[in-house]
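The values are calculated or read from the model by the stated rules, or taken from the named source; none is laboratory data. All of these numbers come straight from a predicted model, not from anything done at the bench. A quick note on method: Cβ atoms are made from the backbone with ideal geometry, for glycine too, and the neighbour counts reach across all protein chains shown. Quick note on the areas: whole protein, heavy atoms, side chains included, nothing else; ligands and nucleic acids left out. Shrake-Rupley method; radii C 1.70, N 1.55, O 1.52, S 1.80 Å.
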Amino acid sequence: MGDKLRQLAGIFRQAAGKALVPALLTCLVVVPLVGSAMEIDWSDFQILLVVCLAMYLQWIISMLVLSFQQ
């Protein structure tokens, strides 16, 4: 049981590492562009932080799906 948990933790750690760069690019480039087109007020830092964390979680899930498909 411990070996399986360590293996899953390693897969999750790799997925989190692989998801970091695309999430940062998405958060720094795409989100402000879309937000400015939709006239979203990004002056509240908490809104931007929540959006960036949601993007990171989405990328982690995508990387996990890709790693389990292989």
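Quick one: in region 43-58, of everything that is open to solvent by 70 Å² or more (accessible area, probe 1.4 Å) and part of a helix (DSSP H, G or I), which residue is nearest to residue 9 (Cα to Cα)?
57
Does residue 65 qualify as being under 11 Å from the mean Cα position of the chain (by Cα) and open to solvent by 60 Å² or more (accessible area, probe 1.4 Å)?
No.
Consider residue 11 carefully, then state whether it is modelled with pLDDT under 80 and either assigned to a helix (DSSP H, G or I) or of a type in the set (Phe, Trp, Tyr) (or both).
Answer is no for this residue.
Starting from region 48-70, take each residue that is of a type in the set (Phe, Trp, Tyr) and list its partners that are in a helix (DSSP H, G or I) and open to solvent by less than 80 Å² (accessible area, probe 1.4 Å), counting only C-beta distances under 7 angstrom and pairs at least six apart or across chains.
56/19; 56/23; 59/19; 59/22; 59/23
Between a first residue in region 1-23 that is without any contact (Cβ under 8 Å) to a residue 40 or more places away in the chain and a second residue that is of a type in the set (Ser, Thr, Tyr), which pairs have beta carbons less than 7 Å apart while being 6 or more apart in sequence or on different chains?
The qualifying pairs are 23/56.
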